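Written below as structure tokens is the structure these notes are about.
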Amino acid sequence: MFYRCRCPAHSQMACSNIRYGAGVTREIGMDLQNMGARNVCLMTDRTLSQLPPVGVVLDSLTKHGVKYKIYEDVRVEPTDKSFKAAIDFAKQGHFDVYVAVGGGSVIDTCKAANLYASHPEAEFLDFVNAPIGKGKPITATLKPLIAVPTTAGTGSETTGVAIFDFENLKAKTGIANRALKPTLGMVDPLHTLHMPSRVAANSGFDVLCHALESFTALPYYLRSPCPSNPINRPAYQGSNPISDVWARHALKIVAKYLKRAVRDAGDVEARSSMHLASVFAGIGFGNAGVHLCHGMSYPIAGNVKTHRAKGYNVEHPIVPHGLSVVLTSPAVFAFTANMCPERHLEAAQILGKTHRSSIKKDDAGRVLADTLRSFLYDLEVEDGLSSIGYTKEDIPSLVKGTIPQERVTKLSPRAHTEEDLTALFAASMKLY
């Protein structure tokens, strides 16, 4: 359902559980009031707690007499430890509604807090994806969660996924279940104007790879075995006609607006468009899934040594999620192209490669890889894994951290071995 709000302050579009519009966050107090919320948990991080997006939410809650408590200790790129701290806060607070104001780290942390507070007897690994965790189905009803995204990347406001660094494994994993999907995502493009340039870039790379990976994922009709009960159906289904629509549209927006959004924080059209692209790609990959770029990104982020990304006000080494994903993208799509060359060529064309009709299918991987390298070079992306502190000696650890990521790696259109992963990491050490 789509509609345009009559309020003169902003135009509003609603699609499924998403409400979009400049200034739409001011309505959140009314939404909570309408829900009958009596005790709200507002989660954010320490940087955002001092910025306008959180201020707008707090003003609205206060104006409408909504009782709340703030948790501002969310870790950028959360870990199992930081998830558990947020879960403890949620359990002690006995909240009836959750509000997450931030990027994917905040929204994912809030999802986990809501989940485990609703299952107080559960052990942490009960719902974590197999084979790292037990991957149990979620049976209890979670509390309502309103997500207010402030970055244009993760699409977490649309998905039933919560990702974290599992510190003992030195790799990311997560929890994936439709029950985690926020009740409402309030997508207010004004919030993205506060993103530093490199945060906008890295967030945009996540959108890019969400769209590319879901578009090229193993088709849904090739997934097997079929679950005997729908409750055991995985959150990610493989590429399908519905997710394809969202992936294509997201790619077109990325091609048109990402460079502008990175280069000019005041470009409201570009920043707003990327915020929508994040939503569109989120709906797409939240249904279809992602594959090798994301599976390989988890140990890249988890094994970080000393790299400190520009634009991130954190006290720990960090490889931002979008950066960890996109650095392997040229190698990955060169590898997967022979399974669905037409899709790879279509993606390359959307991203700016001309004269598609004269290109042979056998060259699809090279063409998309070269198109991506050019795109990343224009956005001043680091020159491969070697530029963020990795060497060829680290490749075995990176492969080891990728192997358990079956939730996503099995969606690769091309089957792969440990030797293939080794070659992909080696090819990603330098991009240019």
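Structural remarks
- Residue match in the stretch 140-157 (condition: in contact with a Phe, Trp or Tyr (Cβ under 6 Å, 6 or more places away or on another chain) and open to solvent by less than 30 Å² (accessible area, probe 1.4 Å)): yes
- Summed over the stretch 167-191, the residues that are surrounded by fewer than 24 Cβ atoms within 10 Å (Cβ to Cβ), out of contact with any Gly (no Cβ under 8 Å at 6 or more places or on another chain) and of a type in the set (A, V, I, L, M, F, W, C) give a count of 1.
- Residue match in the stretch 407-417 (condition: open to solvent by 60 Å² or more (accessible area, probe 1.4 Å), in the same structural domain as Q237 (by the TED database), on the phi > 0 side of the Ramachandran plot and at pLDDT 95 or above): no
- Check on I107, surrounded by 24 or more Cβ atoms within 10 Å (Cβ to Cβ) and of a type in the set (V, I, T): yes
- Of the set (1) at pLDDT 95 or above; (2) open to solvent by 10 Å² or more (accessible area, probe 1.4 Å), all apply to T25 but (2).
- Residue check for L193: assigned to a helix (DSSP H, G or I), under 16 Å from G282 (Cβ atoms), in contact (Cβ under 8 Å) with a residue 40 or more places away in the chain and not polar (S, T, N, Q): no
- Scanning the stretch 31-58 for residues being under 28 Å from the mean Cα position of the chain (by Cα) and assigned to a helix (DSSP H, G or I) gives a total of 13.
- Within the stretch 388-422, the set of residues being out of contact with any Phe, Trp or Tyr (no Cβ under 8 Å at 6 or more places or on another chain), assigned to a helix (DSSP H, G or I) and without any contact (Cβ under 8 Å) to a residue 40 or more places away in the chain comprises K392, E393, P396, E418, E419, T422.
- Unique match (being touching a helix residue (DSSP H, G or I) at 6+ places or on another chain (Cβ under 8 Å) and under 27 Å from A113 (Cα atoms)) among A171, A201: A171
- Residue that is surrounded by the fewest Cβ atoms within 10 Å (Cβ to Cβ) [pool: residues in the stretch 284-319 that are of a type in the set (A, V, I, L, M, F, W, C) and in a loop (DSSP other than H, G, I, E, B)]: V314
- Within the stretch 232-244, the set of residues being of a type in the set (A, V, I, L, M) and open to solvent by less than 90 Å² (accessible area, probe 1.4 Å) comprises A235 only.
- Count of residues meeting criterion [part of a loop (DSSP other than H, G, I, E, B) and more than 26 Å from N202 (Cβ to Cβ)] in the stretch 82-133: 12
- Some residue of the stretch 264-272 being in contact with a Phe, Trp or Tyr (Cβ under 6 Å, 6 or more places away or on another chain) and either of a type outside the set (A, V, I, L, M, F, W, C) or open to solvent by less than 40 Å² (accessible area, probe 1.4 Å) (or both): yes
- Just one residue in the set T422, T402 is surrounded by 22 or more Cβ atoms within 10 Å (Cβ to Cβ), more than 21 Å from P219 (Cα to Cα) and not aromatic (F, W, Y); that residue is T402.
- Residues that are open to solvent by less than 30 Å² (accessible area, probe 1.4 Å), free of Cβ contacts under 8 Å to residues at least 12 places away in the same chain and closer than 30 Å to Y312 by Cβ within the stretch 110-139 are absent altogether.
- Qualifying residue in the stretch 67-81 (condition: under 20 Å from F124 (Cα atoms), of a type in the set (A, V, I, L, M), open to solvent by less than 70 Å² (accessible area, probe 1.4 Å) and assigned to a helix (DSSP H, G or I)): no
- Scanning the stretch 198-231 for residues that are among the hydroxyl-bearing types (S, T, Y) and open to solvent by 50 Å² or more (accessible area, probe 1.4 Å) yields Y220, Y221, S224, S228.
The values are calculated or read from the model by the stated rules, or taken from the named source; none is laboratory data. If you're wondering where the values come from, they're calculated on a predicted model, not measured in any experiment. Methodologically, a virtual Cβ is constructed for each residue, glycine included, from the backbone with ideal geometry; neighbour enumeration extends over all protein chains shown. Just the protein is used for accessible areas: all its heavy atoms, side chains included, with ligands, DNA and RNA removed. Shrake-Rupley method; radii C 1.70, N 1.55, O 1.52, S 1.80 Å.
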